[in-house]
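Report on the structure given below.
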Amino acid sequence: MDQNTTPLVEMKDISISFGGIRAVDHASIDLYPGEVVGLLGHNGAGKSTLIKILSGAYKRDSGEIFVNGEPATINNPRDAKEFGIETIYQTLAVADNVDAAANLFLGRELQTPWGTLDDVAMEAKAREVMGRLNPNFKRFKEPVKSLSGGQRQSVAIARAILFNARILIMDEPTAALGPQETQQVGELITELKKSGIGIFLISHDIHDVFDLADRVTVMKNGQVVGHARTADVTKDEVLGMIILGKCPPKATPGAGALAYSEAG
Amino acid sequence: MTDEVTAPTALQRNPSKGGLLDRFFQATELDTRMLGMIGALLLIWIGFDVFSNGLFLTPRNLWNLSVQSASIAVMATGMVLIIVSRNIDLSVGSILGFVGMMMATVQTELLPSLIGFDHPLTWAIALLAGIGIGVMIGGFHGLIISFMGVPAFIVTLGGLLVWRGAAWWVTSGRTVAPMDSTFRLMGGGVEGSIGATASWAVGIIACLCLVLILVHSRRQRKRFLFPLRPLWAEFLLALLGCFLILGAVYIANSYPWPRAIANRYAEANGIPIPEGGLFIAHGLAIPVLIAILVGVFMTFVATRTRFGRYVFAIGGNPEAAELAGIKTRWVKVKIFALMGGLCAVAAAISSARLNAATNALGTLDELYVIAAAVIGGSSLAGGAGTIAGAMLGAVVMQSLQSGMVLMGIDTPLQNIVVGIVLVFAVWLDTLYRSRAK
């Protein structure tokens, strides 16, 4: 990976508090085109919160976001989408009572020249995209509620890539899936990478992420413990980062690394 | 059937399982829930007809039933969107009362001094003013709910008291009457019906529209290689729909003007009165046509526009809707504003029918409207409901009411029955939904 190019996304010194608790404390993270960055940490380490700031669900208290080197103002999910940032949430954020096509286009419906919904065109496009992702998917007319976890996941992913996302955020993408579906998602991520999309992969389980990611960033107590290339570190070393906040020699330490915590 | 063979195999309908009935429903794509409601309505009608010794299923009673249902049906279409988006509106009856009073004041006290008495535009100005006021009241409720975070239940409970009080305030409790003669047409009656010829014309146009819609949707499906209904199912649907439409027109055309009015009309126009009286049909009533138009419009809004799609998405998962970039707060404001506008239309119908605006106009309507929407399949948990179902629900409620009046049941007992039926209907619906899962 050529780290000299401009990063797709750079989040610098981001902080946010909820009722006096610093959920994210001066965290920085970056992502390059065609790269998968695993964002790791325990439940409550602040990784989901940090990423929700990028996707516009939360508003940061301080810090800066750059997209392609340009400062970006992201105040709500619509802003994020305009920068090509698409998010697949842990909770799958689909409207259960409408069908797959309606979910894929939610908020960005195709319209006929008369300003009405073009359901037929949307369903056709949905069939095309879903056919690529999950050829077994046939239940286009049913509300998403009646689908299996994997099928719902493919709806959520299809929805993110449908609009030519350049930055994809996946929050625990395989948490609700069986082994076979997990593998499908893995293959999909490899495909997306090839097309130059940058992907943030968020997980509390290192095994989900390690083989897919090019780099990992570990968070603990709202701070970044360190960044490392997966080629340079072992799973055990990363585990040490997650659990103890101990930074191995080949990783770049952040504010939350062990030395800092001892001093503070 | 040939169309199915040409479609790619991957898109073919799943091979039919189960009995003949299952296959029938699969082919026609008819909503079984809706059919169940129609079945229940028919049972109620036949039951009342038997117990009232044939008084219920007469053109006269069915015609009256349609007119009486119109006002509630109009409001129920809006209540569907409110309930689907996980809100409730308790103020619709009071808004109806207030707007009715305002429209009456505009046409009897304000406009005559400005443009003269019985001006041909009086009705339109009064109606538009009413809709404007209704939209503003509803939008105001919506703003408080969306941007100040007060729950809809409380805001509209407050509105229930405020607008009922305000209706009194407008004229210090005086009943305002009579209404403008053109405005009165919106209430039905002999003059507020369009007569036999026009009714047939409306019926035939409706049939043509139905056929066009079926043909158009089949073409669209074919264009994108979607599974098609078998041809026999398409023909069956078209025939059934046309039969129902023309049947309704036939019934409306079988209800003659009262003898005295017909005779007076005959004298005035120099028509000889035949033996056994002159037969002049009512035809479809204008309030019913208004309700049907509102129903079509609202169905269009709910299913064919972005706004409608967002209402359902918000009801299904508010968080997902917000994360998808939908301006959920403004959508809510619009829903309540729309409800206010529909209250104004309903106010026009009921005040025109009464030929007066009284303080009591619309009292308890909120409960009938909510009941109609819920009986019609709107789920209070949000996310589910249909306009057609709610309108059918309004007819069910009105059928119970008028059937019990025909049977001479006391008012307190009527309320008891209506209450029990409401709970029972929702329980049945809950059963249906849990089995459908």
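The values are calculated or read from the model by the stated rules, or taken from the named source; none is laboratory data. In this text, all values refer to a predicted model and were calculated from it rather than measured experimentally. For neighbour counting, all protein chains shown are included, and Cβ atoms are generated from backbone atoms with ideal geometry for every residue, glycine included.
Taken together, the criteria place A:R108 among residues that are within 29 Å of A:V9 (Cβ to Cβ) and within 9 Å of another protein chain (Cβ to nearest Cβ).
Here the range B:247-275 is the region considered, the condition is being closer than 26 Å to B:A201 by Cβ and among the β-branched types (V, I, T), and the residue that is modelled with the lowest pLDDT is B:I271.
Suppose the filter is surrounded by 17 or more Cβ atoms within 10 Å (Cβ to Cβ), within 14 Å of chain A (Cβ to nearest Cβ) and of a type in the set (K, R); does B:R229 pass it? For B:R229, the condition - surrounded by 17 or more Cβ atoms within 10 Å (Cβ to Cβ), within 14 Å of chain A (Cβ to nearest Cβ) and of a type in the set (K, R) - is met. With the condition kept exactly as written, say whether any residue in the range B:46-57 is at pLDDT below 95, acidic (D, E) and either crowded, with 16+ Cβ neighbours inside 10 Å or within 27 Å of B:D180 (Cα to Cα) (or both). Yes; the residues of the range B:46-57 include at least one that is at pLDDT below 95, acidic (D, E) and either crowded, with 16+ Cβ neighbours inside 10 Å or within 27 Å of B:D180 (Cα to Cα) (or both). Say we look at the range B:8-45 and pick out the residues that are in contact with a Lys or Arg (Cβ under 7 Å, 6 or more places away or on another chain) and in a loop (DSSP other than H, G, I, E, B); which of these is modelled with the lowest pLDDT? Only one residue fits best here, namely B:S16. Reported count of residues in the range B:163-201, each being more than 24 Å from the chain's Cα centre (by Cα) and of a type in the set (K, R), is 1.
Report whether or not A:T190 is part of a strand (DSSP E or B) and among the polar types (S, T, N, Q). Criteria not met by A:T190. Taken together, B:G187, B:G159, B:G203, B:G192 contain a single residue that is modelled with pLDDT of 95 or more, under 30 Å from B:N359 (Cα atoms) and crowded, with 18+ Cβ neighbours inside 10 Å, which is B:G159. Considering every residue within the range A:43-64, establish whether at least one is among the aromatic types (F, W, Y) and under 14 Å from the mean Cα position of the chain (by Cα). No, the range A:43-64 contains no residue that is among the aromatic types (F, W, Y) and under 14 Å from the mean Cα position of the chain (by Cα).
Residues considered: A:I85, A:I51. Of these, the only one that is in contact with a Ser or Thr (Cβ under 7 Å, 6 or more places away or on another chain), buried (at least 18 other Cβ atoms within 10 Å of the Cβ) and more than 30 Å from B:A302 (Cβ to Cβ) is A:I85.
What pairs can you find where one residue is in the range A:30-44 and more than 15 Å from A:G226 (Cβ to Cβ), the other is aromatic (F, W, Y), and their Cβ atoms are less than 9 Å apart, with a gap of 6+ or different chains? Matching pairs, first to second residue: A:L31/A:F200; A:V36/A:F200.
Say whether the condition of being within 20 Å of the chain's Cα centre (by Cα) and in a loop (DSSP other than H, G, I, E, B) is met by at least one residue in the range A:246-256. Scanning the range A:246-256 turns up no residue that is within 20 Å of the chain's Cα centre (by Cα) and in a loop (DSSP other than H, G, I, E, B).
Residues checked against (1) of a type in the set (K, R); (2) part of a helix (DSSP H, G or I); (3) in contact (Cβ under 8 Å) with a residue 40 or more places away in the chain; (4) within 14 Å of chain A (Cβ to nearest Cβ):
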position	(1), (2), (3), (4)
B:A252	no, yes, yes, no
B:A268	no, yes, no, no
B:P274	no, no, no, no
B:F279	no, no, no, no
B:A291	no, yes, yes, no
B:F297	no, yes, no, yes
B:Y310	no, yes, no, yes
B:G325	no, no, no, yes
B:G340	no, yes, yes, no
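Considered as a group, the residues in the range A:76-101 that are within 7 Å of chain B (Cβ to nearest Cβ) and among the charged types (D, E, K, R) include one that is nearest to the chain's Cα centre (by Cα), and that residue is A:K81.
For the range A:185-197, the condition of being under 15 Å from the mean Cα position of the chain (by Cα), surrounded by 14 or more Cβ atoms within 10 Å (Cβ to Cβ) and among the charged types (D, E, K, R) holds for at least one residue.
Of the residues A:N134, A:N68, the single one that is more than 12 Å from chain B (Cβ to nearest Cβ), of a type in the set (S, T, N, Q) and crowded, with 19+ Cβ neighbours inside 10 Å is A:N134. Output the residues belonging to the range A:120-170 that are of a type in the set (D, E) and modelled with pLDDT of 85 or more. Across the range A:120-170, the qualifying residues are A:E123, A:E128.
Filtering the range A:102-150 to residues that are within 24 Å of the chain's Cα centre (by Cα) and acidic (D, E) leaves A:E109, A:E128. Please work out if B:V345 is within 28 Å of B:L392 (Cβ to Cβ), of a type in the set (A, V, I, L, M, F, W, C) and surrounded by fewer than 24 Cβ atoms within 10 Å (Cβ to Cβ). In short, no. Selection within the range B:71-122: residues that are closer than 30 Å to B:F300 by Cα, among the hydroxyl-bearing types (S, T, Y) and assigned to a helix (DSSP H, G or I). The member of this set that is modelled with the lowest pLDDT is B:T122. Only residues that are more than 14 Å from chain A (Cβ to nearest Cβ), assigned to a loop (DSSP other than H, G, I, E, B) and farther than 30 Å from B:L111 by Cβ were counted in the range B:181-226, giving 0. The set of residues in the range B:359-404 being polar (S, T, N, Q) and closer than 23 Å to B:L431 by Cα consists of B:S378, B:S379, B:T386.
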